[in-house]
Amino acid sequence: MKFYGIQKTTLLDYPHEVAATIFTFGCNFRCPYCHNPELIIKNEIIEPIEWKEIFDFLKKRKNVLGGVCITGGEPLIHEELIDVVNDIHSIGLKVKIDTNGSEPERIKKINADYIAMDIKTSFDKYGMIGYIGDLNIIENIKESIRWIIESNIQHEFRTTVVPYIVEKSDIKKITEYIKGCRIYYLSQYRINKMLDNSWEEVKPYPKYLLEEMKKIVEDTGIVCELRGVL
């Protein structure tokens, strides 16, 4: 399997662990505000890295690192990832998977130690995201949420609060499906490089609106924290 980037050390991507982050290519969503467009649309700029090269690096750093975060793109569209995770576990490191939840059967098989699942918006607005693949996407996402919550795996759910796509009414709907989860993060929308450059004109919500959304979540008994809010 090939990867398309590596961050050799991070204190942010894997909670409570010193980690390395590796990036897969390709995604079955087309979120217009995606900050990793080079991992979504094929280009010749990024040189792929063979798994063996990354694995050799991890073996050398296994006494310093606590885990590996696998992100993308959408990592779980790659069937070979199961073998990659097994390799990482074989040298005593933990694995965190970032996912959009579209592949519930692979979530169940991947044997991750930590799962971070993005919930883009309320289910009736997923059409605004753009999806390539299974028409049962909403049922797949619901199944992923259910399984993650019922598993003993450390996890988080998270939503980037994108104006128009995510409103207070959407947050309320999302809470109905994630009751019992360990923690739910609301992340501020950032103006940066994007898959669709026109979204650079969309201004982030003010802090008070995110605080109101946080309270909506907390009023249901779900632990909620804000990310990226200044």
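Checking the stated criteria, residue 153 turns out not to satisfy the condition of being among the β-branched types (Val, Ile, Thr), surrounded by 14 or more Cβ atoms within 10 Å (Cβ to Cβ) and in contact with a helix residue (DSSP H, G or I) (Cβ under 8 Å, 6 or more places away or on another chain). Within the range 123-162, the set of residues being more than 21 Å from residue 188 (Cα to Cα), assigned to a helix (DSSP H, G or I) and either touching a strand residue (DSSP E or B) at 6+ places or on another chain (Cβ under 8 Å) or of a type in the set (Ser, Thr, Tyr) (or both) comprises 137, 144, 145, 148, 149. When residues in the range 173-224 are screened for being loosely packed, with under 12 Cβ neighbours inside 10 Å and touching a Cys at 6+ places or on another chain (Cβ under 6 Å), 0 of them pass.
Look at residue 179 and say whether it is over 18 Å from residue 98 (Cβ atoms), touching a Leu at 6+ places or on another chain (Cβ under 9 Å) and among the charged types (D, E, K, R). Please lay out each step first, then the result.
Working: over 18 Å from residue 98 (Cβ atoms): yes; touching a Leu at 6+ places or on another chain (Cβ under 9 Å): no; among the charged types (D, E, K, R): yes.
Criteria not met by residue 179.
Which of the residues that make up the range 173-230 are more than 23 Å from residue 138 (Cα to Cα), among the charged types (D, E, K, R) and assigned to a loop (DSSP other than H, G, I, E, B)? Result: 190, 193, 196, 203, 219. Which numbered condition in (1) surrounded by fewer than 18 Cβ atoms within 10 Å (Cβ to Cβ); (2) touching a Gly at 6+ places or on another chain (Cβ under 9 Å) is the only one that residue 73 fails? Just one mismatch for residue 73, condition (1). Could you please let me know if residue 98 is touching a Lys or Arg at 6+ places or on another chain (Cβ under 6 Å) and modelled with pLDDT of 95 or more? Against the criterion (touching a Lys or Arg at 6+ places or on another chain (Cβ under 6 Å) and modelled with pLDDT of 95 or more), residue 98 does not qualify. Annotation: of all residues in the range 124-150 being among the aromatic types (Phe, Trp, Tyr) and surrounded by fewer than 18 Cβ atoms within 10 Å (Cβ to Cβ), the one that is farthest from residue 174 (Cα to Cα) is 147. Quick one: which residue in 115, 107 is at pLDDT 95 or above, touching a Lys or Arg at 6+ places or on another chain (Cβ under 8 Å) and not small (Gly, Ala, Ser)? That would be 115, the only listed residue that is at pLDDT 95 or above, touching a Lys or Arg at 6+ places or on another chain (Cβ under 8 Å) and not small (Gly, Ala, Ser). Kindly indicate the residue of the range 13-63 that is out of contact with any strand residue (DSSP E or B) (no Cβ under 8 Å at 6 or more places or on another chain), touching a residue at least 24 places away in the same chain (Cβ under 8 Å) and of a type in the set (Val, Ile, Thr) and also nearest to residue 79 (Cα to Cα) among those meeting that condition. Once the filter is applied, the top-ranked residue is 40. For the range 64-79, the tally of residues that are in contact with a helix residue (DSSP H, G or I) (Cβ under 8 Å, 6 or more places away or on another chain) and touching a residue at least 40 places away in the same chain (Cβ under 8 Å) stands at 6.
Going through the range 18-50 one residue at a time, which ones are under 13 Å from the mean Cα position of the chain (by Cα) and within 12 Å of residue 194 (Cα to Cα)? Scanning the range 18-50 gives 31, 34, 35, 36.
Does residue 169 fit the bill of being touching a residue at least 24 places away in the same chain (Cβ under 8 Å) and out of contact with any Lys or Arg (no Cβ under 9 Å at 6 or more places or on another chain)? Working first, answer last.
Details: touching a residue at least 24 places away in the same chain (Cβ under 8 Å): yes; out of contact with any Lys or Arg (no Cβ under 9 Å at 6 or more places or on another chain): yes.
The answer is yes for residue 169.
The values are calculated or read from the model by the stated rules, or taken from the named source; none is laboratory data. Remember, predicted model here, so these are calculated numbers, not experimental data. Glycine also receives a Cβ, built like all others from the backbone with ideal geometry; neighbour counts cover every protein chain displayed.
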